[in-house]
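Scroll down for the structure; my scribbles are underneath it.
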Amino acid sequence: MSKEPVAVVGVGQTVHTAARRDVSIAGLVREAALRALADAELTWADIDAVVIGKAPDFFEGVMMPELYLADALGAVGKPLMRVHTAGSVGGSTALVAAQLVAARIHPTVLTLAFEKQSESNAMWGLSLPVPFQQPLLAGAGGFFAPHVRAYIRRSGAPATTGTLVAYKDRLNALKNPYAHLHEHGLTLEKVRSSPMLWDPVRYSETCPSSDGACAMVLTGRAGAARAPRPPAWLHGGAMRSEPTLFAGKDFVSPRAGRDCAADVYRQAGITDPRREIDAAELYVPFSWYEPMWLENLGFAAEGEGWKLTESGATALDGELPVNPSGGVLSTNPIGASGMIRFAEAAQQVRGAAGEHQIDGARRALGHAYGGGSQFFAMWVVGTEPPAR
């Protein structure tokens, strides 16, 4: 039996900010869920199951929060599933929900991811000693900066590339009302002169710490036919993982990322991603990861990703717009950041992205990664149902 085609018929986000002190965790997730339901013109009664995801529980200090969020998400008496794959969890959560629809286990699924970092300390959470692992006493930036330096040595990229990415994404965020950072008056010189945090990553080249949530309603062909607005159809989705450390691991271009992208493209029938994908929402928490992921995902040859960035190809009006929403560099509720990438890709092909809409977008990529560049989740969505 063939799989059920999967469609995104509703998308909802909270306003993202450093601290949402006006709501509890339950209030935060309900806000995103209600917006997704309103977008789909559905009610709680129309939802058959809920799939929720977030980053490690010690980021808020609330263990297994999904157990008390059933009321807030209309899931009392319904299946509720929790997903966790570190920073890629938002993407993985959406894919688990999609699989439930594709397998015809549940006709319509609400999927949601969130983080309320203001109620804990992510830097502390990322610095816990783990046996046989590299220490993270400098947080995520301290872990990834050496990988960026390795990329610069390997590719010969100029020192300006990271600042160009950060400047582009922060300008894009000004067109996104849900983005956390709205830096009016930002100049390229301000980015270049911001303090160095982890050489070569500057303050303005790193992601913020955000409170926020994102939700989507996924359904099959019958549900899509009743949708009030054009859906985004899932053309391909995959997850891959690899250990944090192993002999021969390529931290600059992890094999799990390459394999995940290859699987998604195969499912979607894509042979030339740079030409066949109209917009990409990539998980870029530190600006240098844009050129690194462009190579890892097959948009550029090895050592050539930075040239795409420097040429302006990844700008909002470029041939391959990357992070039209402002990306993780502008909004980072860690558990939801991957789902926001997936949702923003869906909004592009639905023609619902607002001021950061890419004209004529028919196929878009959503990408998430997490852990020590070890967990990957991706999907490609399009305006038309997938070929049977």
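Does region 100-114 contain at least one residue that is farther than 29 Å from residue 380 by Cβ, of a type outside the set (A, V, I, L, M), at pLDDT 95 or above and open to solvent by less than 10 Å² (accessible area, probe 1.4 Å)? Steps first, please.
Restricting attention to region 100-114, the residues satisfying the condition of being farther than 29 Å from residue 380 by Cβ are none.
Checked against the condition, which is being farther than 29 Å from residue 380 by Cβ, of a type outside the set (A, V, I, L, M), at pLDDT 95 or above and open to solvent by less than 10 Å² (accessible area, probe 1.4 Å), region 100-114 yields no hits at all.
Here is the figure for region 117-165: residues that are of a type in the set (D, E, K, R) and at pLDDT below 95 total 1.
Based on this model, can you work out whether residue 362 counts as out of contact with any Pro (no Cβ under 9 Å at 6 or more places or on another chain) and either open to solvent by less than 10 Å² (accessible area, probe 1.4 Å) or touching a residue at least 12 places away in the same chain (Cβ under 8 Å) (or both)?
yes
Run down 23, 29 and say which single residue is under 23 Å from residue 100 (Cβ atoms) and modelled with pLDDT of 95 or more. First the steps, then the outcome.
Details: 23 fails: under 23 Å from residue 100 (Cβ atoms).
One residue alone meets the criteria, 29.
Go through region 249-310 and tell me which helices (runs of 4 or more DSSP H), entirely inside it, have 2 or more residues that are open to solvent by less than 10 Å² (accessible area, probe 1.4 Å). Before the answer, list the steps.
Numbers: elements: 255-268, 273-276, 289-296.
Once the helices (runs of 4 or more DSSP H) in region 249-310 are filtered for at least 2 residues that are open to solvent by less than 10 Å² (accessible area, probe 1.4 Å), what remains is 255-268, 289-296.
Regarding region 70-82, can at least one residue be identified that is open to solvent by less than 10 Å² (accessible area, probe 1.4 Å) and part of a helix (DSSP H, G or I)? The answer is no; no qualifying residue exists. Residues in region 32-69 that are assigned to a helix (DSSP H, G or I), over 19 Å from residue 101 (Cβ atoms) and not hydrophobic (A, V, I, L, M, F, W, C): 35, 57, 65, 66, 68.
Against the conditions (1) assigned to a loop (DSSP other than H, G, I, E, B); (2) β-branched (Val, Ile, Thr); (3) surrounded by 24 or more Cβ atoms within 10 Å (Cβ to Cβ), residue 381 satisfies every one except (1). In region 191-207, what residues are open to solvent by less than 30 Å² (accessible area, probe 1.4 Å) and in a strand (DSSP E or B)? Within region 191-207, 201, 206 qualify.
Let's see how each residue does on (1) over 20 Å from the mean Cα position of the chain (by Cα); (2) within 25 Å of residue 234 (Cβ to Cβ):
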site: 24; (1), (2): yes, no
site: 37; (1), (2): yes, yes
site: 50; (1), (2): no, yes
site: 72; (1), (2): yes, no
site: 79; (1), (2): yes, yes
site: 92; (1), (2): no, yes
site: 110; (1), (2): no, yes
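Scanning region 208-237 for residues that are open to solvent by less than 20 Å² (accessible area, probe 1.4 Å), hydrophobic (A, V, I, L, M, F, W, C) and touching a Phe, Trp or Tyr at 6+ places or on another chain (Cβ under 8 Å) yields 213, 214, 216, 224. Taking residue 316 as the residue in question, decide whether it is in contact with a Pro (Cβ under 8 Å, 6 or more places away or on another chain), at pLDDT 95 or above, farther than 22 Å from residue 7 by Cα and not in a loop (DSSP other than H, G, I, E, B). Judged against the criteria, residue 316 is not a match. Of the numbered criteria (1) more than 11 Å from residue 212 (Cα to Cα); (2) surrounded by 20 or more Cβ atoms within 10 Å (Cβ to Cβ); (3) hydroxyl-bearing (Ser, Thr, Tyr), the one residue 2 fails is (2). If residue 51 meets every condition in (1) open to solvent by 20 Å² or more (accessible area, probe 1.4 Å); (2) β-branched (Val, Ile, Thr); (3) in contact (Cβ under 8 Å) with a residue 60 or more places away in the chain apart from one, which number is that one? Going through the list (1) open to solvent by 20 Å² or more (accessible area, probe 1.4 Å); (2) β-branched (Val, Ile, Thr); (3) in contact (Cβ under 8 Å) with a residue 60 or more places away in the chain, residue 51 breaks only (1).
The values are calculated or read from the model by the stated rules, or taken from the named source; none is laboratory data. Owing to the predicted nature of the structure, the values given are computational and were not obtained by experimental measurement. Every residue, glycine among them, receives a Cβ derived from its backbone with ideal geometry; neighbour counts consider all protein chains shown. Only protein heavy atoms, including side chains, enter the accessible area calculation; ligands, DNA and RNA are left aside. Shrake-Rupley method; radii C 1.70, N 1.55, O 1.52, S 1.80 Å.
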